[in-house]
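The values are calculated or read from the model by the stated rules, or taken from the named source; none is laboratory data. As the structure is a computational prediction, the values presented were derived from the model and not from experiment. Every residue, glycine as well, gets a Cβ built from its backbone with ideal geometry; the counts of neighbours run over all protein chains shown.
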Amino acid sequence: MLEQLDAVLLARLQFAFTMSFHIVFPAFTIGLASYLAVLETLWLATGHEVYRNLLKYWMRVFSIAFGMGVVSGIVMSYQFGTNWSAFTDVAGAVIGPLMAYEVMTAFFLEAGFLGVMLFGTDRVGKGLHAFATYAVAVGTLLSAFWILSVNSWMQTPQGHVIGADGRIAPGSWWEIVFNPSLPYRLVHMVLAAYLTTALVVGAAAAWHLLRRRAAEESRVMFSMAMWMLLLVAPVQILAGDQHGLNTLEHQPVKVMAMEGHFQSHPEGAPLYLFGLPNMRDARMDHAIAIPKLGSLILKHDPNAPMEGLESVPRDQWPPVPIVFWSFRLMVGIGVLMLAVGVWSGLARWRGRLHDWRGLHLAALAMGPAGFVAVLAGWVTTEVGRQPWVIYGMLRTVDAASPVAAPAVGASLAAFVVVYTLIFAAGTTYLLRLMARPPHGGEQGPAAGQPQHAAGIMPGGAAAATAGPELRR
């Protein structure tokens, strides 16, 4: 059966599967690391134990999520050699150093101070522990910077030279790293990580508020999460609009697919709210549209002309239905985030932030929404780039390894089984950690850790436990 399938399609499915598991953890840990830094700062500034308890509570969650993110990310890197060797052969001189910079700066910074942050709360001074927490937070942001720099260069390549053998070599590292789409992607992704974390924190607090067992810690973290939604959700919408304008400039075909514009609109394009993209007949079936609003949003002029996919060769079209619906899923969740944020602002104004049951149910239901939005945004970005791996330069079909379909299919099946088991167990454990409400006297990740290395006991304890024959 595997021999009947396409090896390139299986390789794409394998990368998409592993990436889908991986991306949710960095999206969470980027925001959570910054949240920990905020809690540390508030504790140092005010001395209130509630912030110290929340710091220890969420450090336990961070330690598990960080570990799962590292494990899932390592597997992905091997696929560049196994399934995408032609890509690494062509673009390795650009991609390889950027990935190495991420390890040498971001990952080393995180790994170097992670232990101090997790296990040093009661073992090192306040200043050193705060420095370690800030270092981990900066490390996660640096990691996002380098990874997004790599991806953004693949979306909007510049600063490179192409040799006589067809290989891509760096020309200007400054132009490669700071390519045209990096600022927009970086801001959009970091804000998405903050909103994702705020939704998880808010959902955990709402769970405890609904069960009427919330201590002051739960009320504080619910308030902080709702402030983040209220303030950052509108900023994210503006950032997404700017990102869309940048995409229209550099990847117009992707925007055509996102908007479902098969035909050109010389006198203003409509905004398709819903519809069924028909790739075969190149039209939008059963469309619900608002006339000229598409041109108003994308070009700030309702009568501005908009080109459609008909102006592009068909072999350069991305899968329009996937891009069309993933984009709407992402935008729809963003609107819901804003709605919950505004609702929390009203509840705060009316003095009902901690006893409005409807708001707490909405916050609980929105807990996983940030992860769904991140995945939908990633699908829009990557599927919308097709049929290119490096936009306009290297097609996906030409980037794959010469590996037979059965080999790729077997490894994909193994990944599905292993990832499902391991990450289901890890996610269940994370949910159990968050199901327990934070309280005074939180112990943090170091709770239950041995005070001495295995097999080594202090002299007094050794003498006290030694047998009579040894004491003689």
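Filtered by the rule that a residue be among the acidic types (Asp, Glu) and either under 30 Å from Met393 (Cα atoms) or assigned to a helix (DSSP H, G or I) (or both), segment 120-166 gives a lone residue, Asp165.
Having 2 or more residues that are surrounded by 15 or more Cβ atoms within 10 Å (Cβ to Cβ), touching a residue at least 24 places away in the same chain (Cβ under 8 Å) and in contact with a Phe, Trp or Tyr (Cβ under 9 Å, 6 or more places away or on another chain) is the bar; report the helices (runs of 4 or more DSSP H) wholly within segment 196-310 that clear it. Break it down into steps so the answer makes sense when it comes.
Values: elements: 216-250, 252-259, 293-299.
Per the criteria, 216-250, 252-259.
Taking the residues in segment 416-444 that are of a type in the set (Phe, Trp, Tyr) and crowded, with 17+ Cβ neighbours inside 10 Å as candidates, determine which candidate is nearest to Glu49 (Cα to Cα). Filtering first and then ranking leaves Phe423. Residues in segment 31-61 that are under 15 Å from the mean Cα position of the chain (by Cα) and either over 24 Å from Gly426 (Cα atoms) or surrounded by 23 or more Cβ atoms within 10 Å (Cβ to Cβ) (or both): Gly31, Leu32, Ala33. Working only within segment 380-410, note down all residues that are surrounded by fewer than 20 Cβ atoms within 10 Å (Cβ to Cβ) and closer than 21 Å to Gly69 by Cβ. Result: no residue meets the conditions.
In the set Leu353, Leu346, only one residue is more than 27 Å from Gly81 (Cβ to Cβ) and modelled with pLDDT under 95; that residue is Leu353. Close contacts from segment 413-436, counting a first residue that is under 11 Å from Met68 (Cα atoms) and without any contact (Cβ under 8 Å) to a residue 12 or more places away in the chain and a second that is surrounded by fewer than 12 Cβ atoms within 10 Å (Cβ to Cβ) and among the small types (Gly, Ala, Ser), with Cβ to Cβ under 7 Å and a gap of 6+ residues or different chains, come to none at all. None of Gly392, Gly384 is on the phi > 0 side of the Ramachandran plot and touching a residue at least 24 places away in the same chain (Cβ under 8 Å) except Gly392.
Within segment 65-88, not a single residue is assigned to a helix (DSSP H, G or I), under 17 Å from Ser218 (Cα atoms), out of contact with any Lys or Arg (no Cβ under 9 Å at 6 or more places or on another chain) and in contact (Cβ under 8 Å) with a residue 24 or more places away in the chain. Among the residues making up segment 379-437, those that are out of contact with any helix residue (DSSP H, G or I) (no Cβ under 7 Å at 6 or more places or on another chain) and part of a loop (DSSP other than H, G, I, E, B) are Gly392, Met393, Pro402, Arg436.
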